[in-house]
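Data first, discussion second: the structure below is written as structure tokens.
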Amino acid sequence: MGNCYPYRDQPVTALQSEYSLWWREPEGNLLSVLEELGIGFVPFAPLGKGFLTGTVNSDTEFSQDDFRSSVPRFQREALSANQKLLDLVISIAGEKGVTPAQAALSWLLAQRPWIVPIPGTTKLHRLAENVRSVGVHWDDEELKRIGAALAKIQTVGDRYPATHQHLVNR
Ligand SMILES: NC(=O)c1ccc[n+]([C@@H]2O[C@H](COP(=O)([O-])OP(=O)(O)OC[C@H]3O[C@@H](n4cnc5c(N)ncnc54)[C@H](OP(=O)(O)O)[C@@H]3O)[C@@H](O)[C@H]2O)c1
């Protein structure tokens with residue numbers, strides 16, 4: 001009989017899922033499983049779909065065709081409540097002399113050596129800015145301080161509209 005499980009010969013190289021300063025669920029048990037199995041991790045939406053860059057606030061109007069217009073986390077009240085997190089990102093970026101986007105990306109890079117975030121941008125100068133985050137380093141003390149500050153902040157709003165949210169983790 002032939003091999004019923006051909007995928008056994010094709011080990012998983014990397015997993016892509018959402019991970020950022022405002023979506024840290026992978027820290028629950030996903031990262032440890034990936035570490036154990038030697039699988040890389042590619043965080044999508046590492047800039048919180050733009051929120052962590054400081055270019056979005058509670059006054060931002062999203063066009064109808066912008067996915068964020070239907071995302072609970074991007075509604076006016078949620079954005080207002082989530083400003084605390086953005087303030088933290090802006091503050092740690094300022095201390096480090098980098099942009100908020102670079103702080104958000106370099107924080108992810110600092111979590112594990114096998115984490116490779118994929119930020120999206122339509123602008124070449126932002127691509128260059130984001131790539132420079134590989135040169136931003138955080139020591140253990142700084143990461144501990146950021147972790148303690150994050151632990152005090154509760155992110156408000158689901159990351160998907162109800163029509164999509166119920167499909168997550170089924
Ligand atoms: N979001 C999802 O649900 C999802 C799911 C699967 C895969 N992905 C993939 O993951 C990648 C990234 O996700 P994403 O694009 O949704 O979210 P993201 O990378 O977290 O954020 C992208 C947003 O941030 C802005 N931005 C990027 N760099 C910036 C900077 N330096 N300063 C200020 N603003 C900046 C972009 O606007 P500008 O274009 O104006 O710069 C865009 O609005 C994409 O390749 C996407 O296809 C996403």
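Within the range 142-167, the set of residues being among the small types (Gly, Ala, Ser) and either in a loop (DSSP other than H, G, I, E, B) or under 24 Å from Ala110 (Cα atoms) (or both) comprises Gly147, Ala148, Ala149, Ala151, Gly157. Against the numbered list (1) over 14 Å from the mean Cα position of the chain (by Cα); (2) modelled with pLDDT of 95 or more; (3) surrounded by 15 or more Cβ atoms within 10 Å (Cβ to Cβ), Leu47 comes up short only at (1).
Please work out if Glu142 is out of contact with any His (no Cβ under 7 Å at 6 or more places or on another chain), surrounded by 14 or more Cβ atoms within 10 Å (Cβ to Cβ) and more than 17 Å from Leu47 (Cα to Cα). Considered against the rule, which asks whether it is out of contact with any His (no Cβ under 7 Å at 6 or more places or on another chain), surrounded by 14 or more Cβ atoms within 10 Å (Cβ to Cβ) and more than 17 Å from Leu47 (Cα to Cα), Glu142 comes out as yes.
From the list Ser106, Ser69, Ser32, exactly one residue is within 14 Å of the ligand (Cβ to nearest atom), more than 20 Å from Val134 (Cα to Cα) and assigned to a helix (DSSP H, G or I). Which is it? Step by step, each of Ser106, Ser69, Ser32 is checked, and only Ser69 is within 14 Å of the ligand (Cβ to nearest atom), more than 20 Å from Val134 (Cα to Cα) and assigned to a helix (DSSP H, G or I). Could you tell me which residue of the range 13-29 is farthest from the ligand (Cβ to nearest atom), considering only residues that are of a type in the set (Ser, Thr, Tyr) and touching a helix residue (DSSP H, G or I) at 6+ places or on another chain (Cβ under 6 Å)? Looking at residues that are of a type in the set (Ser, Thr, Tyr) and touching a helix residue (DSSP H, G or I) at 6+ places or on another chain (Cβ under 6 Å), I get Tyr19. State whether the residues of the range 117-128 include one that is surrounded by 14 or more Cβ atoms within 10 Å (Cβ to Cβ) and more than 18 Å from the chain's Cα centre (by Cα). No, because not a single residue in the range 117-128 is surrounded by 14 or more Cβ atoms within 10 Å (Cβ to Cβ) and more than 18 Å from the chain's Cα centre (by Cα).
Being exposed (fewer than 14 other Cβ atoms within 10 Å of the Cβ) and either closer than 20 Å to His137 by Cα or modelled with pLDDT of 95 or more (or both) holds for only one residue in Glu95, Glu18, Glu61, and it is Glu95. If you go through the range 35-66 and pick out every residue that is closer than 22 Å to Ser91 by Cβ, among the charged types (D, E, K, R) and within 12 Å of the ligand (Cβ to nearest atom), you end up with 1. Restricting Gly97, Gly157, Gly135, Gly147 to residues that are free of Cβ contacts under 8 Å to residues at least 60 places away in the same chain and on the phi > 0 side of the Ramachandran plot narrows the list to Gly97. Of the residues making up the range 81-90, not one is closer than 14 Å to Leu143 by Cα and either without any contact (Cβ under 8 Å) to a residue 12 or more places away in the chain or not in a helix (DSSP H, G or I) (or both). With respect to the stated conditions, Ile153 is within 25 Å of Ser80 (Cβ to Cβ), modelled with pLDDT of 95 or more and surrounded by 15 or more Cβ atoms within 10 Å (Cβ to Cβ).
The values are calculated or read from the model by the stated rules, or taken from the named source; none is laboratory data. Remember, predicted model here, so these are calculated numbers, not experimental data. Every residue, glycine among them, receives a Cβ derived from its backbone with ideal geometry; neighbour counts consider all protein chains shown.
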